[in-house]
Amino acid sequence: MLKIIFLIIALLCINNAYAAAEKANLIFTAGLTEIESRDKGGYAELASLLEIHRAKPIPTFFVFGGNSLFPSILSSFDHGTHIIDLLNSIEPDVMAASNGDFAFSEDELSLRTYEAAFPIVQSNTAQISTQQNLDGVLDSVMIQQGKYKLGFISLMDEEVLETYNLTRSSVKDPNFIIAAKAKKLRALGADLIIMHYRGTELNCVDYLKNGTVDLVLRNDSETGLLTAEKVQEHPKQVFLPETSQAAVIELSWHTKQVQTLTVQWQAEKLLSYPKNSIVQRQIDNYSSRLNLLLDEIIGVTSTDIDTSSLSLRTTENALGNLVTDLMKKHSGADIALLNGGAVRGNSFYPKNTQISRRDIVKMLPYRDTVVLLEVTGMQLIAVLENGFSQIKNAKGRFPQISGMKVVYNSQAAAGDRVVSVEISDSPLLPLKRYKLATSSYLANGGDGYQRFKHNVPLTYNQQMSKLLSDILINELRLTNSISPKIESRMLDIAKQPAGQP
């Protein structure tokens with residue numbers, strides 16, 4: 001009889017333990033730079049996904065991973081305000097500020113925080129002058145749904161400083177930030193600590209193994225080089241390899257026993273959900289404002305145009321050739337250089353495609369102007385070395401050039417990859433001065449082109465602050481047709497067949 005009583009008590013304890021299990025859902029997505037896409041879906045579909053999951057009895061959190069205020073056609077006009085407007089409608093619990101959200105400077109990101117009806121978090125950046133976070137940006141936050149509180153931190157790599165030429169900010173080593181922020185949030189009563197990270201330098205799994213954080217959210221790099229195979233697996237790390245997906249995450253743990261947390265998740269395609277009618281009306285309103293201007297046909301391309309990131313960031317590109325040729329012509333320079341990351345779109349336009357203003361703004365969304373500089377041959381070699389320094393990672397600093405031929409070795413050590421340079425069919429002279437056309441972004445030291453910062457810009461006849469997109473539009477209007485070509489301006493000897501010079 002006594003054994004039966006003990007057995008009943010044990011069963012009751014087990015049942016009570018399971019009854020005490022805590023459950024919450026979390027939706028995570030990031031990198032939604034375009035408001036809609038026929039092929040991938042967008043904010044209207046995301047709104048429907050959220051509506052379905054929020055209707056369930058289990059509390060549902062929505063974490064937006066940012067990297068969405070740029071690039072897009074609309075953002076080149078309003079610096080991402082429309083993204084904040086749409087997010088206000090679908091109500092994230094928190095947004096992480098990362099990478100592309102800094103594209104229009106620290107001040108613009110601060111302005112977006114005051115437009116947002118939700119907190120925006122970045123945990124390892126600071127203003128150099130005050131060592132405090134950017135105005136309006138939080139270093140951590142506690143979010144709550146029902147009875148559950150989640151502490152949230154977001155981190156990114158230092159490369160954002162060079163990529164977007166952030167001169168007033170610093171990025172702190174995440175390893176000195178995570179433990180302190182997590183401890184603070186737990187002391188404030190967080191049930192779980194959620195860490196968002198966008199980058200490649202941090203080993204997130206270590207912080208899961210030692211219990212500093214309970215869940216890690218990651219999303220892809222814009223070039224697609226960060227794949228699931230390159231991310232160390234862990235049952236509590238969620239990695240989204242595509243921007244057109246949302247992670248639907250089920251969290252379960254026993255009360256006050258965070259170490260019992262289990263995570264089950266799946267990536268769902270936004271396109272598989274219907275469009276939310278309210279959010280779609282917002283999208284239609286934004287689209288209609290631009291259609292009359294952007295749908296104008298400017299001309300036609302008589303050759304193929306490829307604006308894929310890998311093409312622009314690892315090799316000579318036909319459109320890169322055309323744009324730098326126009327920069328050189330526009331300023332009267334001897335040579336021209338543009339970073340491959342300045343050209344966007346990830347699209348392919350076969351020959352005989354009609355090109356609209358929309359297409360060109362999509363190709364060249366930055367509000368860059370042409371700057372004329374006088375550089376020495378030695379300085380030119382140094383900036384080319386910078387351009388080739390991260391070719392293996394397909395970074396946007398890779399150069400597109402005009403007026404010169406460059407031989408390089410992608411397999412040599414960074415800083416020693418330039419083999420030879422010719423300008424006007426003559427070898428580059430280290431002490432000779434050349435007039436170089438570049439973008440205002442690079443002239444100010446963006447993408448690691450710091451050597452340009454010390455050169456005083458020259459004046460030139462057509463200096464009217466025309467955007468690169470305007471220069472391309474004007475060329476297409478004059479000629480009615482463009483025919484960008486690959487012309488062997490850059491030769492990587494590492495890729496030459498054996499025995500071929």
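Every number here is computed from the coordinates shown, using simple stated rules; none is lab data. Since this is a predicted model, take the numbers as computed values, not measurements. Ideal geometry is used to build each Cβ from the backbone, glycine not excepted, and the neighbour counts take in all protein chains shown.
Odds and ends about this structure:
- Computed log₁₀ I(q)/I(0) - Debye formula, equal Cα scatterers, no solvent, segment 33-159, q 0.16, 0.23 Å⁻¹: -0.82, -1.45
- For the pair Glu374 and Arg38, label points projected 7 Å from Cα toward Cβ lie 5.3 nm apart.
- Cα-based shape type of the chain, given that a ≥ b ≥ c are square roots of the gyration tensor eigenvalues and the cut on a/c is 1.5: prolate
- Segment 297-495: mean projected area of Cα convex hull, nm²: 10.2
- Long-range amide H partners of Tyr164 with built H, under 5 Å: Asp447
- Coordinate range along principal axes, alpha carbons of segment 191-348, Å, largest first: 69, 42, 24
- In this simple spin-label model, placing a label point 7 Å from the Cα along the Cα-to-Cβ direction at both Leu293 and Thr130 gives a separation of 3.3 nm.
- Rounded to the nearest 20, the Cβ-based charge dipole of the chain about its Cα centre (Lys and Arg +1, Asp and Glu -1) stands at 520 debye.
- Segment 332-400, Rg to Rh (Cα coordinates; Rh as Kirkwood inverse mean 1/r): 1.04
- Size descriptor for segment 361-404, Kirkwood hydrodynamic radius: 12.5 Å (Cα pairs only, one decimal).
- For segment 297-495, a crude dipole built from +1 on the beta carbon of Lys and Arg and -1 on the beta carbon of Asp and Glu, taken about the Cα centre, is about 360 debye to the nearest 20.
- Whole-Å distance, taken between Cα centres, linking segment 154-208 and segment 380-417: 30
- Cα principal axis extents for segment 252-331, largest first, Å: 69, 37, 25
- Toward the positive end of the charge dipole of segment 355-501, with +1 on the Cβ of Lys and Arg and -1 on the Cβ of Asp and Glu, the farthest Cα among Gln379, Val406, His454 is that of His454.
- Taking the helices alone, the chain has a mean residue ellipticity at 222 nm of -8500 deg cm²/dmol, built from -39,500 (n - 2.57) per DSSP H run of at least 4 residues and averaged over all its residues.
- Computed log₁₀ I(q)/I(0) - Debye formula, equal Cα scatterers, no solvent, segment 396-501, q 0.16 Å⁻¹: -1.02
- Here is the tail figure for segment 20-286: Cα pairs spaced more than 25 Å apart come to 41 percent of all pairs.
- Dividing the convex hull volume of the alpha carbon atoms of segment 87-155 by its residue count gives 88 Å³ per residue.
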